[in-house]
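Here's the structure we're looking at; comments come further down.
What follows draws every value from the coordinates through simple rules; no lab data is involved. On a predicted model such as this, the values are computed, not experimentally measured, just so you know. A quick note on method: Cβ atoms are made from the backbone with ideal geometry, for glycine too, and the neighbour counts reach across all protein chains shown.
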Amino acid sequence: MYIKKLTYHVICCIITAVLFLHVSCTTQPPTDLTKENIIPKPVSVTANGETFPLNMNTSIYTQGSSEDLDKTAEYLAGLLRPATGFDFEIIVTETAPPKGSIFLSLSDADASVGDEGYNLEITKKLVKISANSPAGLFNGIQTFRQLLPAEIEMKSKQNIEWNIAAGSITDYPVYSYRGAMLDVARHFMSVEEVKRYIDLISVYKINYLHLHLSDDQGWRIEIKSWPNLTEHGGQTEIGDGPGGFFTQEQYKDIVRYAAYRHVTIVPEIDMPGHTNAALASYPELNANGKAPELYTGTRVGFSTLATHKEITYKFIKEVFTEIAGMTPGPYIHIGGDESHVTKKEDYIPFVERVQDIVAETGKTSIGWDEISLGTLRPGTIAQYWSSAENAGNAVAQGAKLLMSPASRAYIDMKYDTTTRIGYTWAGVIDVDKAYNWDPTTLETGIGRDNIIGIEAPLWTETITNIKDAEFLAFPRLPGIAEIGWTPMSTRSWDEYKVRLGNHAKRFKAMDINYYPSKLVPWIE
Ligand code: NGO
């Protein structure tokens with residue numbers, strides 16, 4: 001009797017173990033597109049209950065051929081090849097592609113998705129991404145990418161099934177400017193590090209990268225007509241690090257790399273303050289004609305260009321002409337913040353004249369909110385970071401605002417008081433605080449019509465490398481990206497944090513050094 005019972009028990013155990021193994025080895029194919037965790041959240045998603053399987057026979061078809069389409073198809077194939085190990089042949093077609101394909105079209109999108117939006121139609125037979133522009137197709141690809149298992153982000157071949165939930169997505173952004181800023185002046189970052197940042201921001205449909213290229217502690221962009229800026233002024237950074245700078249070829253390489261990912265570079269030369277590196281490199285730019293020592297501390301507001309000297313404007317003109325010549329994007333950022341040692345009566349005409357110089361190069365100026373103390377040229381954008389009064393002045397002049405309120409969007413702030421790196425002057429900003437705000441209701445008098453977009457600045461006084469940058473940017477930056485993309489009416493922190501928690505696997509697969517905030521239900 002006892003032996004019989006034992007045998008029965010052992011058989012039961014074996015059956016349970018086999019069943020368990022079976023279930024854990026074959027994950028169910030996803031069928032509900034509305035349950036996917038897409039960041040930024042799309043405008044509308046409907047499911048059809050089907051699944052599309054990606055396999056070794058899947059090819060990428062483009063509807064007709066153009067340089068843009070070919071590049072976009074190549075980008076997509078490059079994204080999918082490493083982890084799947086499949087070929088993803090790219091084929092041009094004028095007719096409907098065969099079953100099992102991915103189809104890219106620049107002719108069939110709804111007009112309502114605009115310049116940057118897309119339609120993603122998935123059935124069990126076909127994935128079709130349509131858009132009115134290459135940027136829209138690129139955005140559709142980022143969404144498609146997030147529907148695939150997180151392993152798609154791995155660099156080596158993974159032996160898993162690549163199934164995605166089917167249905168339709170119609171999607172387009174709220175704001176046309178969705179930015180990130182990287183300060184390469186306080187601590188220099190290499191070309192490779194900047195490219196990595198571009199890769200990461202473009203996953204979340206961020207389309208501008210503002211590079212803070214000069215400050216008291218270093219000048220980071222080669223200017224052929226003023227070579228000492230980098231030869232001397234590029235050799236320091238905060239602390240005892242070696243500094244560094246981008247040659248013009250390297251800068252152009254960054255611009256091209258970004259453009260391929262539909263990211264526009266916005267170069268900033270900060271002035272008239274934050275200029276010690278330039279002042280140390282050329283004595284004639286100083287009011288007293290004497291060059292100060294290079295500076296490697298963290299103070300702000302102690303330097304100024306000589307606003308009364310003509311040579312200063314020759315300098316600015318030549319610098320901006322060279323930079324404009326390498327920058328296809330429409331904007332040049334002129335800084336303008338914290339010019340505490342420039343008299344207000346000098347600061348105002350200076351900023352007005354600098355906007356004219358930028359206009360002569362064919363570009364439009366962006367400046368920190370202080371620039372609205374003076375008259376803004378038509379088109380000039382003020383970047384709201386600290387003074388609501390300055391931002392209000394800009395609005396009163398009819399200017400658009402780029403929203404970077406420090407207490408929400410400064411991702412160089414610590415998450416809590418124990419965070420190893422970061423500042424606290426604008427408060428501690430955990431993931432909820434960075435996400436849970438609306439640019440159109442933050443300040444009275446600033447509404448939707450006054451806003452061009454949103455940007456998350458990453459200042460680098462406390463960080464020295466891209467891994468630290470990742471730690472401060474992730475996971476706050478995807479939240480800022482969502483503010484820029486998704487209508488406020490469909491956003492809520494409680495729903496977002498669950499979606500974000502599901503991105504842990506992706507962060508890991510992308511080797512992102514993220515902060516595992518306790519406020520987020522991470523699923524690893
Ligand atoms: C301020 C200041 C920067 C600092 C940053 C640190 C602006 C626009 N000017 O933001 O020089 O690096 O704070 O958080």
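The alpha carbon gyration tensor of region 248-299 gives principal lengths a ≥ b ≥ c with a/c of 1.5 or higher and a/b greater than b/c, which makes the shape prolate. Projection of the Cα convex hull of region 123-238, averaged over all directions and equal to a quarter of that hull's surface, yields 10.9 nm². Rounded, prolate or oblate: which fits region 303-359 when a ≥ b ≥ c are the square roots of the eigenvalues of the alpha-carbon gyration tensor, with rounded for a/c under 1.5 and prolate only if a/b beats b/c? Prolate.
Semi-axes of the equivalent ellipsoid for the chain, computed as √(5λ) from the eigenvalues of its C-alpha gyration tensor and ordered from largest down, come to 46, 26, 22 Å.
A convex hull fitted around the alpha carbon atoms of region 27-88 yields 149 Å³ per residue. In region 33-171, Rg over Rh equals 0.93, where Rg is the alpha-carbon radius of gyration and Rh the Kirkwood radius from pairwise Cα distances. Amide H to amide H distances under 5 Å link T264 with Y208, L209, where only residues 5 or more positions off or on other chains count and H is placed in the peptide plane. Here the relative contact order of region 394-454, from alpha carbon pairs under 8 Å that lie six or more residues apart, stands at 39 percent. What is the angle, in °, between the Cα long axis of helix 476-485 and the longest principal axis of the Cα atoms in the chain? Nearest 10 is fine, range 0 to 90. Around 90 degrees separate the two axes. Using the Cα coordinates of region 363-451, the gyration tensor eigenvalues translate into equivalent-ellipsoid semi-axes of 27, 14, 10 Å, sorted from longest to shortest. At q = 0.14, 0.18, 0.22 Å⁻¹, what log₁₀ I(q)/I(0) does a Debye calculation on the Cα points of region 296-425 give, no solvent, two decimals? Each listed q maps to, in turn, -0.70, -1.06, -1.33. Taking every C-alpha pair closer than 8 Å and separated by at least 6 residues, the mean separation divided by the residue count of the chain gives a relative contact order of 13 percent. Which of the lysines could a cross-linker span from K290 if the Cα-Cα distance has to be under 17 Å and same-chain partners fewer than 8 positions apart are dropped? Within reach: K309.
Based on C-alpha pairs under 8 angstrom that are at least 6 apart in sequence, region 33-171 has a relative contact order of 34 percent.
Translational diffusion coefficient, Stokes-Einstein: compute it for region 345-498 using the Kirkwood radius over C-alpha pairs as Rh, at 37 °C and 0.692 mPa s, and state it as an integer in µm² s⁻¹.
So the translational diffusion coefficient is about 198 µm²/s.
Fully extending the segment from E161 to L442 would add 96.7 nm, taking 0.36 nm per residue of separation and subtracting the current Cα-Cα distance. For the chain, the longest principal axis of the C-alpha atoms and the axis of helix 67-84 are separated by about 60°. When the Cα atoms of region 416-519 are aligned to their principal axes, the ranges along those axes come out at 37, 31, 22 Å in descending order.
Axis angle, to the nearest 10 degrees, between helix 248-260 and the longest C-alpha principal axis of the chain: 40 degrees.
Which of rounded, prolate or oblate describes region 459-508 when judged by the alpha-carbon gyration tensor and an a/c cut-off of 1.5? Before the final figure, lay out each step's value.
Details: a/c = 3.29, a/b = 1.71, b/c = 1.92.
It comes out oblate by the Cα gyration axes.
The distance from the alpha carbon centre of region 137-154 to that of region 200-245 is 32 Å, rounded to a whole number.
Going from the fewest other Cβ atoms within 10 Å to the most, the residues W162, W425 appear in the order W425, W162.
Dividing the Cα radius of gyration of region 481-520 by its Kirkwood radius returns 1.01 for Rg/Rh.
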